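A short write-up of the structure that comes next.
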Amino acid sequence: MKTLNIAMIGYRFMGKAHSFAFGNTPFFFDRDINPVKKVICGRNEPMVRDAAGQFGWEAYETDWRKVVNRPDIDIVDIATPPVNHCEIALAAIANGKHVFCEKPLAMNADEARRMLDAAERAGIVHMLGHNYRRVPAIAHAHDLIAQGAIGEVRQFRATYLQDWLVDPDHPMDWHLDAAVAGSGPHSDLNAHVIDLARWLVGEITAVVGLKETFISQRPMEQLDAQPIMMDVTVDDASLFLARFAGGAIGSFEATRMAGGRKNALRFEINGSRGSIAFDLERMNELLFWSLDEPLALQGFRTILVTEKVHPYLANWWPAGLTLGYENAIVNEFADYFQCISQGKPCTPNFHDGWRISRVLDAVSRSWDSGHWESCDD
Ligand code: SOE
């Protein structure tokens with residue numbers, strides 16, 4: 001039995017999702033790896049105490065510096081806003097901890113590179129929280145493409161649509177502050193899609209993009225009647241075109257202003273002999289079309305990705321019972337714990353995060369230049 005003691009910095013949405021996963025990896029995956037929820041950390045004492053109780057942590061702490069050097073901790077899990085990632089990761093790595101970091105890895109490619117260099121020098125196992133790689137239907141798409149099922153990939157087309165900011169009265173929060181978040185859906189949502197695009201299609205070499213902020217001020221959440229308006233300093237929508245190293249071309253759109261769409265991460269990939277399409281709001285399904293079928297039978301078929309032969313499904317329920325958001329996070333941490341216990345690298349990792357940051361930075365440069373920008377500059 002291998003015990004892995006975890007310190008998690010952050011306790012909100014991702015803190016909850018990760019806590020759920022830690023409790024479930026031995027149940028569904030390797031029972032010889034025992035992740036222990038040692039200490040959860042956050043600045044707001046009543047809230048982090050409450051989270052510790054609800055999510056089943058042994059202890060809580062309000063200063064992350066006090067947990068990253070604790071000798072009993074094996075893994076530091078960073079689930080904070082992006083502005084804190086680099087500093088916490090460097091401190092944890094300096095203490096020899098394995099580090100799992102939520103996405104986007106950093107505020108920019110320079111920070112991401114420092115994190116990658118430090119992690120590689122220390123020889124720790126690092127992983128980045130692009131959980132959608134662990135959605136079985138997306139992993140199945142990856143396997144099909146790698147097996148040549150759609151031939152040579154020519155086009156990647158993706159939209160990541162949310163609508164939680166359509167309402168102008170939605171209060172200001174850290175996601176809308178560039179100093180804390182880095183950018184809006186550009187890095188929050190497109191980072192996920194860039195990760196998938198690189199995994200499914202290949203490296204992105206050049207980009208050109210545009211963005212817009214439709215609502216430039218929002219009320220600060222407060223109890224009295226007169227709202228204080230705060231400046232929104234991030235994009236509400238970010239779009240870009242891309243060229244891939246292998247010759248494919250792609251389009252990416254991320255927005256929090258797509259009324260009616262909640263978490264619609266959709267992509268379609270067209271190859272020389274087939275196509276694949278996916279929508280996260282129907283996350284157990286993968287659409288597949290093949291030129292190799294008789295013309296009279298051709299058409300997109302819907303594969304219900306719940307069979308034991310599909311990625312991760314042998315560890316879950318009988319076919320047809322379907323998985324949800326949290327199951328993919330269990331898959332993600334089951335893989336991470338395996339990598340640590342076997343002493344081998346895990347993906348996506350800080351190298352992927354650095355490459356993703358280079359793409360994000362190149363798109364941001366193109367907002368100002370109005371031109372195509374190389375992702376290798
Ligand atoms: C934003 O609304 C958000 O919570 C992202 O931060 C997550 O990465 C994404 O998975 C769901 O949407």
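The values are calculated or read from the model by the stated rules, or taken from the named source; none is laboratory data. Model, not experiment: these values are computed from the prediction. When the accessible area is computed, the model is the full protein with side chains, heavy atoms only, and any ligands, DNA or RNA have been set aside. Shrake-Rupley method; radii C 1.70, N 1.55, O 1.52, S 1.80 Å.
Could you check which residue among Gly129, Gly246, Gly299 shows the biggest mean-square fluctuation in a GNM of the chain with a 10 Å Cα cutoff? So, out of Gly129, Gly246, Gly299, the one fluctuating most is Gly299.
An oblate overall shape is assigned to the stretch 246-288, the ratio a/c of its alpha-carbon gyration tensor axes (a ≥ b ≥ c) being 1.5 or greater and a/b not exceeding b/c. Ligands, DNA and RNA left out, the 1.4 Å accessible surface of the stretch 262-364 is 55% carbon and sulfur atoms. With a Cα cut-off of under 25 Å and a minimum spacing of 8 residues unless on different chains, the lysine pairs in the chain number 27. Based on protein heavy atoms only, the chain ends up with 44 Å² per residue of surface accessible to a 1.4 Å probe.
Under the shape rule built on the C-alpha gyration tensor, where the axes satisfy a ≥ b ≥ c, the stretch 136-203 is prolate, since a/c reaches at least 1.5 and a/b is greater than b/c.
Computed over the alpha-carbon pairs of the stretch 156-303, the distance histogram in 5 Å steps reads 2, 9, 16, 17, 16, 13, 10, 7, 4, 3, 2, 1, 0, 0 percent, short to long.
If you roll a 1.4 Å probe over the stretch 26-77 with all protein chains in place, what percent of the accessible area is carbon or sulfur? Walk me through the numbers before you get to the answer.
Details: 1310 of 2880 Å².
On the stretch 26-77, the fraction of accessible area on carbon and sulfur atoms equals 45 percent.
Convex hull volume per residue, computed on the Cα atoms of the stretch 130-175, equals 118 Å³.
Would you mind classifying the stretch 72-168 by shape? Square roots of the alpha carbon gyration tensor eigenvalues, ordered a ≥ b ≥ c; an a/c under 1.5 is rounded, otherwise it is prolate if a/b is larger than b/c and oblate if not.
Values: a/c = 2.31, a/b = 1.46, b/c = 1.58.
The shape class here is oblate.
If both residues of a DSSP beta bridge must be in the chain, then about 60% of such bridges are antiparallel.
Rg to Rh ratio, the chain, alpha-carbon atoms and Kirkwood radius?
On the way: Rg = 20.9 Å, Rh = 21.6 Å.
A ratio of 0.97.
Ignoring any ligand, DNA or RNA, what whole percent of the accessible area of the stretch 95-146 comes from carbon and sulfur when the probe is 1.4 angstrom?
Carbon and sulfur together cover 39 percent of it.
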